[in-house]
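The values are calculated or read from the model by the stated rules, or taken from the named source; none is laboratory data. Here the structure is a predicted model, which means the values were calculated and not measured. As a convention, Cβ positions derive from the backbone with ideal geometry for all residues, glycine included, and neighbour counts pool all protein chains shown. Each accessible area value is taken on the protein alone, full model and side chains, heavy atoms only, with ligands, DNA and RNA left out. Shrake-Rupley method; radii C 1.70, N 1.55, O 1.52, S 1.80 Å.
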Amino acid sequence: MPLVRVSSFAISLDGYGAGEPQSFEAPFGHAGMKLHEWRFATWQPGAPNGVDALFGRQYDVGFGAEIMGANKFGPPGWQDDPDWRGWWGEDPPFHTPTYVLTHRPREPLEMDGGTTFHFLSTTPQDALAIAQEAAGDLDVRIGGGATTVRDFVAAGLVDHLHLAMVPIVLGRGTLLWDGLEGLEERFHVESVVAPSGVVHLSLTRRPADA
């Protein structure tokens, strides 16, 4: 049965998925690219074929659609720019129907490589139903940012999360864990520590009758 998953979502030791303030010049705020350096390192020639690489390779495996929040698609205010087409150029890395949650929808945006952005103003439940229909027999990825992941987890819609906890402290930004007290009661939690210091957390939803 297809799942709803979060894949390779990076957070700091204190639980932030992005710093602040976010802008066109600083998509992740004061965090810069520190949350994602573990993945970039695995792309370098001669990089170790280790834990980080094994998790990183699963980022886009098995997905037929993605849901993301407005702040992942663009910097604050992108809705006022009719020419804004996302951060990723004309061939975004998703290669699936991708649903952007925004209070100001616009017409779908078809890109190269199989990505089409659809802009929705609706609930997580309704957005997921639309994405699941598009994904067919494949999984749906909840792509972020932290607020979007948190909303879908809080609504009981996520089956599995892979979180990469990076050994940095941000102190401020967008928290993943707000309002998710007792999450360990709903998810089975495992962890693997990579030599880089990144802790890969795997959270699998417990059966309802467990």
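Here are a few things to note about the model shown:
- Point-to-point label distance, GLU133-LYS34, nm (Cα→Cβ direction, 7 Å offset): 4.4
- The order of MET1, MET165 by accessible area, most exposed first and with a 1.4 Å probe, is MET1, MET165.
- Which of THR98, ILE168, SER23, positive extreme of dipole for the chain (C-beta unit charges): ILE168
- Estimated Rh, the chain: Kirkwood, alpha-carbon pairs, angstrom: 17.7
- Percentage relative contact order, the chain, counting C-alpha pairs under 8 Å, at least six apart: 31
- Here the dipole of the stretch 96-149 is about 260 debye; that uses its Cα centre as origin and unit charges on the Cβ of Lys and Arg (positive) and Asp and Glu (negative).
- Hydrodynamic radius of the stretch 85-210 by the Kirkwood approach over all distinct alpha-carbon pairs: 16.6 Å.
- Here the dipole of the chain is about 380 debye; that uses its Cα centre as origin and unit charges on the Cβ of Lys and Arg (positive) and Asp and Glu (negative).
- Contour excess over end-to-end distance, with Cα ends at HIS160 and VAL193 and 0.36 nm allotted per residue: 10.0 nm
- Between HIS103 and ASN49, full extension at 0.36 nm per residue minus the direct alpha carbon distance yields a gain of 15.2 nm.
- When you restrict to C-alpha pairs under 8 Å that are six or more residues apart and normalise by the size of the stretch 85-210, the relative contact order lands at 17 percent.
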